[in-house]
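Since the structure comes first, as structure tokens, the remarks are kept for the end.
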Amino acid sequence: MKQLTTTVARIMFAIPFLVFGLIHFMKGSQMVGYVPSFIPGGVFWVYLVGLALIAAAVSIIIQKKAKLACLLLAILLMIFVLTIHLPGLFNDNPMQAQLSMTMLLKDFALSGAALFFSGSFAD
């Protein structure tokens, strides 16, 4: 039973990242505004992050290089927290600031979960 719940949890964890990655490709031009202005490259980063999210999800699902994928995913999510969501907390629009707090907490929690899952995979 433990094996079944672990497998279901692993797949449930990975699927949203697969969807998020696909959304990066489908809505790249709309998402470019999330790339901090001090980072050159614009839409390139949206597509690269989309590819990284898809690769992490596939790696976690098929359990190939999943430990590394989870560690890199945790780092990516913390980069989002520090470069996108944290600065967004200081937005003059209270609704935008609230959305940034929600996204910050979501990505912070998912980063922790990715670190947790990385410990469950063999080297």
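Read-outs throughout are calculated quantities, based only on the coordinates presented, and are distinct from any laboratory measurement. It should be emphasised that the depicted structure is a prediction, and the values quoted were computed from it without experimental measurement. Because the Cβ atoms are built from the backbone with ideal geometry, glycine has one as well, and the counts that use them run over all protein chains shown.
Data table
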read-out: Matching entry among 92, 107 (being free of Cβ contacts under 8 Å to residues at least 60 places away in the same chain, in a loop (DSSP other than H, G, I, E, B) and out of contact with any strand residue (DSSP E or B) (no Cβ under 7 Å at 6 or more places or on another chain)); value: 92
read-out: Condition broken by residue 79, with the remaining ones in (1) farther than 25 Å from residue 121 by Cα; (2) part of a helix (DSSP H, G or I) satisfied; value: (1)
read-out: Residue tally, condition part of a helix (DSSP H, G or I), within 23 Å of residue 91 (Cα to Cα) and of a type in the set (Phe, Trp, Tyr), over segment 1-44; value: 1
